[in-house]
Every structure is written in C-alpha cells, then in structure tokens.
Amino acid sequence: MNRFLNLREAEKTALFIDGANLYKSARNLGFDIDYKSLLAKAQDESQLVRASYYTAIQEDKDQDYSPLRPLVDWLDYNGYRMVTKPTREFTDQQGRKRYKGSTDVELVVDAMLLAERVDHIVIFSGNGDFRRAIEAIQAKGVKVTVVSTVKSSPPMASDELRRQADSFIDLADLENIIGRSGGPTRKAREDAEDYDGDDFDDDFEDDFEDVD
C-alpha cells in the first residue's frame, strides 16, 4: 500500500517546506499546492509535531506590501509555523532590479534541533545544499524523505539530494492528492531557467497563487 509521504501513524513527524523551491517546482509542473490538504493528510497519517514554511519576502518599499503576504498570513493562521526574512535588493549587470533572499540556514538549524524529538522529517525542496544537513539528521537515527521533482524541465531535485535521502517522492505524483482544484490550469513551463532557491524572479511574485 502506498503511504502519503511514506508516513506512518506511530511516527512523530515534522514537515519543512522550502517555500520558494516548492512553489517553483509545482509551477513548473503546472499546478498549485493545496496547503490545507497537505497539512490535513500529514496529520491523519502520522503524529505531526510541526509543519514549518520558510520564505524570504520581497516587500514593496513604496507600498509596504508583498504579494506573498496573503499566503504567509493564511498559512500562519492555519496551522503552519512561518519563518520569514526580507529579501535584499540589488542591480544586476544589465541594470535590472533584482532580489535575493534565502532561509536555508534557518531551515537547517530548525531541522537539526527538532531531530531530537521526531522519527521522520520530510523536506520539501530539491536544493542540493541540504544534502549534508540530511546526512547529519540521519546520523541521529531520523528518517528523511525529500519531496521535489525530476519530471519538470529543468529537473528541480539535485541528484546528490535524492541519493542521500532515505526516500524521494516526486511532486508530480502528489498532484491528485495535494494539487489545488477549481483554480486556473497552468501549463507546465518547459522554458524555465535553472533555479538555486535563492534568486527571486519578478514573475515569482507577480503570479503567486491566491489562497482561500
């Protein structure tokens, strides 16, 4: 029998969501994440200790508003622990305004601390920089599952991360379970650029999903 995220009822479990990476993975596959269903399923299938969502936020200096704010607020009020930090603005070689931001360090530190209290950690990210952290968590006797995708173009999950994890689940295989229904259908983006989890493209903010 296939288990959701390889969860077991007796396991103390924690979810760690690399928000930007998961969003772009789902978008490249052509669907949105139903975070309400994700949390409910994890609670039903395991002893969920915590579900944490990490993201950098690009605030509009003129309007003091981020397009990510509705999602961040919704998740915060609906069972997720939110970890956010502001992006840094810079100008690239072409003179374009760009933003950089990463919560990788926060995710790794929190996962290492919580590893003392759980049996299973699920990381929603394909970022290869997490490989060493996963290895250290496994050394504590904790099982680690990675959720990302190799079915998008380009693949979002690094090979070294997949090899290090105890199990790898392709996000494309979860669309029928945690994909949002009733919203506009997105075409998978085959022309997407390589993504390292730190760069925030302008369209990342502009078309970020709405929440109910």
Quick note, the stretch 1-142: a/c under 1.5 would make it rounded; otherwise a/b > b/c is prolate and the rest oblate (a ≥ b ≥ c, C-alpha gyration tensor); here it is prolate
Kirkwood Rh for the stretch 78-149 from C-alpha pairs, in Å, is 14.2 Å
What ranking, highest mean first, results for peptides 147-154, 71-78 when packing means the other Cβ atoms within 10 Å averaged over each residue?
-> 147-154, 71-78
Take the alpha carbon atoms of the stretch 1-47, find their center, do the same for the stretch 100-122, and report the distance between the two centers in whole angstrom.
-> 16 Å
Whole-Hz Karplus couplings 3J(HN,Hα) for the stretch 148-162, θ = phi - 60° and coefficients 6.51, -1.76, 1.60, Gly and Pro as x, run 7, 8, 10, 9, 8, 10, x, x, 9, 9, 6, 4, 5, 5, 4
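Read-outs: derived from the displayed coordinates by stated rules, not from any lab. What you are looking at is a predicted structure, and each value in this text was computed from that prediction instead of being measured. Note that we place each Cβ from the backbone using ideal geometry, even for glycine, and neighbour counts take in every protein chain shown.
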